[in-house]
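Below: the structure, in structure tokens.
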């Protein structure tokens, strides 16, 4: 499969329309071990792109490659096999409120027949230490800040030992200190675990620190696909406006503002 589909993730001429076109002839790829950031104004199809990778949505036209397989026409059962390789960290965290932090992570290990009960507890503790939230082991999600809940969600995603992690706005609506901690965590996972990653974000600081490649979506199309530094050389007017607006927002809010989330506002809509 890898010979036929050399890229770990690839969109080939993907179209998706709801009331209006959301993805229009979308083409980009993610190589194994690479981190790709998807950026653009709210409503341009960033989260829709993630949903296609996870198989929650199917394209109207085009082909989608995930884990070196053409998953475009896969059944739910076939996608469940792919989702053991590719997992997603939702913006909400998607944690179980009735379970403690440790129990939330343990939930991802319940089907692992190769682990006994002690192994599972050891894995949970190891993951909590990896994401620097061991002290929150017995807390409930409602006791935690947004940033801590995202760290728990990352730990739970890692429990499945994925090859690839998709992040949906990981630093939106968190304070600058926690944003920095989450960014450092993502960098550590990239270097230590060699994880393939796709990050939907409005946060240009995060982009420059973690991304190897950038996908800029505009009006449903991939307006830019390349290295982060080359984004600033683009003559596309939508990209230019996006970058200029980001400068204005940062200038008005200041770098230490708790609402410093990048272009698109604090809602994190994608």
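Structural remarks
- Ordering of 6-13, 153-160 by packing is 153-160, 6-13, highest average first (other Cβ atoms within 10 Å, averaged per residue).
- Gaussian network model of the chain, Cα within-10 Å springs - most flexible of 87, 183, 172: 183
- Once C-alpha pairs closer than 8 Å and six or more residues apart are averaged by separation and normalised to the residue number of the chain, the relative contact order reads 25 percent.
- Taking the DSSP beta bridges with both ends in the chain, the antiparallel portion is around 50 percent.
- Residue of 214, 101, 123 that the Gaussian network model of the chain assigns the largest fluctuation, springs spanning Cα pairs under 10 Å: 123
- Top of 98, 42, 218 by mean-square fluctuation, Gaussian network on the chain, Cα under 10 Å: 98
None of the figures in this text is laboratory data; all of them are computed from the coordinates on show. All figures in this text were calculated on a predicted structure; none of them were measured in a lab. Cβ: placed from backbone, ideal geometry, glycine included. Neighbour counts: every protein chain shown.
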